[in-house]
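Asks: Here you go, one structure.
The values are calculated or read from the model by the stated rules, or taken from the named source; none is laboratory data. In this text the structure is predicted, and so the values were computed from the model without any measurement. Here the Cβ positions follow ideal geometry from the backbone for every residue, glycine too, while neighbour counts run over all protein chains shown. The area values use the complete protein model at the heavy-atom level, side chains included, leaving out ligands, DNA and RNA. Shrake-Rupley method; radii C 1.70, N 1.55, O 1.52, S 1.80 Å.
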Amino acid sequence: MYKLQRIFSGFVLLSVQVVYWIISSIVDIKYFYQKRLALAKSQEILDWVKTQNIPLDTSESLKLPDHIVNISHDGLVQVLHTSEDSYCVAIIIQYKYTTGATRRAKGIFVCDFPLNHRYLTKIPDICHRINILGEYQKPYKVAWAFTNLEVEKQYNDCLFAVYRQLG
């Protein structure tokens, strides 16, 4: 009887691992396609954001229009309108739990000005980080979306695939 219980327990654990792997693969495939769509629509989103009359030197979460609402994880984008009248948009595509209770947000970062060394920190052989809010004094509603973004891939000086640990 004990041997039968061990076999059954092993089968259950193996089944859980297989189901987890299948679900994880589906989530990764969904992220891949949403990321491609976000990259293709990033300029359209940036142009739309500029029509939303966000005050200078503020940040907001904005609901995307109906025809592109499925690009982001929750139908929202985080927007920063800088004091220099430039725009940055963080499109969060996926929240994923990593170790323990740590979450990782992954998505696309797009801005209407080229990021230079002032905003893009390059650490040789480790990573690149985007930090936009360092110079501003005001508290921002969605400041987390514009600080300590680790660059997964740089497509040009204004478009990046990014991720951030959320604690």
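Asks: Quantify, in whole percent, the carbon and sulfur part of the accessible surface of the chain (1.4 Å probe; protein heavy atoms only).
Replies: 58
Asks: Okay, next question. Rg(Cα) of the range 43-108 divided by 2.2 N^0.38 Å?
Replies: Compactness ratio reported: 1.22.
Asks: To continue, here is another question. I need the fraction of alpha carbon pairs in the range 1-101 separated by more than 16 Å, rounded to a whole percent.
Replies: For the range 1-101, the share of Cα pairs beyond 16 Å comes to 67 percent.
Asks: Which order do Phe11, Phe113 take when ranked by solvent-accessible area (1.4 Å probe, heavy atoms of all protein chains), largest first?
Replies: These residues rank, largest area first, as Phe11, Phe113.
Asks: Okay, next question. Starting from the Cα of His117, step 7 Å along the direction of its Cβ; do the same at Glu84; then give the gap between the two resulting points in nm.
Replies: Distance between the two pseudo-spin positions: 1.5 nm.
Asks: Can you pull the one-decimal nm distance between simple spin-label points at Val16 and Ser61, each 7 Å off the Cα toward Cβ?
Replies: 3.2
Asks: Quick one: if you take sqrt(5λ) for each eigenvalue of the C-alpha gyration tensor of the range 1-55, what semi-axes come out, biggest first, whole angstrom?
Replies: They are 49, 12, 4 Å, listed largest first.
Asks: Which value, in Å² and to the nearest 10, is the accessible area of Lys41 when all protein chains are kept and the probe is 1.4 Å?
Replies: Roll a 1.4 Å probe over it and Lys41 shows about 60 Å².
Asks: Can you give the helix-only mean residue ellipticity at 222 nm for the chain, where every DSSP H stretch with n ≥ 4 adds -39500 (n - 2.57) and the sum goes over all residues, rounded to the nearest 500 deg cm²/dmol?
Replies: The helix contribution divided over the chain gives -11000 deg cm²/dmol.
Asks: Please list 3J(HN,Hα) in residue order for the range 23-36, calculated via the Karplus relation 6.51 cos²θ - 1.76 cosθ + 1.60 where θ = phi - 60°; whole Hz, with x for glycine and proline.
Replies: Ordered by residue, 3J(HN,Hα) equals 5, 4, 5, 4, 4, 5, 5, 4, 4, 4, 6, 5, 5, 4 Hz.
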